[in-house]
């Protein structure tokens, strides 16, 4: 069998791309939520 | 609790690096497939972690149906979401491994097809949670999750019941594995399980915060003299 290194690299890279993308969505939602909280804390503030 | 998260995060990152080193350097090279077999150390632990998370989703959904505790509903949502992420990894790394070994990216055999169906069930669950605005959504989603969980043992044992191209399961199957490979596999599973736990934890906190903010918005609307109900 030919070297499977490119496939191995692709599988490992794809795994971490998927996990990083998901973590990215969590971080972005958290930042958005923090902005909303700041807005709510302002006197009479409501988004 | 706030201090524990970064410490656990660093420990998990170190464990993941160690597990990667074990998978790429320490694990022996498989004689027939060569280095491409090392995909096994990401593919199988991801599948086990997805199954574990779907089991947590099942238990939390059942608890929610019985006790109606909001925390159980959040745990169910979070475990399904992270489980889908791990199941996506399984469905993508599998074909990447199959191509050089079987000569094809995909075949409609029972293990592969049932895994795809399982993924679709949990994606439907997440769609239901995301797009339904009915007050009964958590109950409907919990019922779907309890039924969806029945698919998990079917996927795992499908290779016993049907003639399939997929190898036998490492645990509880007829296949045998080199003890050194098993050791590396278990290290990777531990690392991915810790990682999944931390991701679930942060997602749980986010969801709880989101619900608190939604409640605050609702309250602010009620108290708003410009247009809300007083």
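FYI, it's all coordinate maths here, none of it is from the lab. All figures in this text were calculated on a predicted structure; none of them were measured in a lab. Note that each Cβ is placed from the backbone with ideal geometry, even for glycine, and that neighbours are counted across all protein chains shown.
Some observations on this one:
- Angle between chain B longest axis and helix B:70-102 axis [Cα atoms, degrees, rounded to 10]: 30
- Note on residue B:107 and residue B:190: their simple-model spin labels are 3.5 nm apart, each label 7 Å out from Cα toward Cβ.
- Quarter of the Cα convex hull surface for chain A, i.e. its orientation-mean projected area (nm²): 3.4
- Applying 1/(1 + (r/R0)^6) with r as the Cβ-Cβ distance of residue A:17 and residue B:29 and R0 = 25 angstrom yields a FRET efficiency of 0.45.
- For B:66, B:159, order by how many other beta-carbon atoms lie within 10 Å, fewest first: B:66, B:159
- C-alpha long axis of helix B:4-21 to longest principal axis of chain B, angle in °: 20
- Multiplying each eigenvalue of the alpha-carbon gyration tensor of the protein assembly as shown by 5 and taking the square root yields semi-axes of 40, 22, 16 Å, largest first, rounded to whole angstroms.
- A full extension of the chain between residue B:140 and residue B:176 corresponds to an added length of 8.8 nm, given 0.36 nm per residue minus the alpha carbon distance.
- With the largest listed first and rounded to whole Å, the semi-axes of the equivalent ellipsoid of chain B from the Cα gyration tensor are 38, 22, 14.
- Ranked packing of B:148-156, B:55-63, most packed first, by mean Cβ within 10 Å: B:55-63, B:148-156
- Fewest neighbouring Cβ atoms within 10 Å first, the residues B:217, A:19 line up as B:217, A:19.
- The distance linking the stretch B:93-145 with the stretch B:39-79 is 14 Å (Cα centroid to Cα centroid, whole angstrom).
- Principal-axis tilt of helix B:179-223 within chain B, Cα atoms, nearest 10 degrees: 10
- Rounded to the nearest 500, the 222 nm mean residue ellipticity of the protein assembly as shown from helices alone is -26500 deg cm²/dmol, with -39,500 (n - 2.57) taken per DSSP H run of at least 4 residues.
- Fluctuation leader among B:134, B:193, B:124 - chain B, Gaussian network, Cα springs under 10 angstrom: B:134
- Ranked for footprinting exposure by Cβ neighbours inside 10 Å, fewest first, B:92, B:7 give B:7, B:92.
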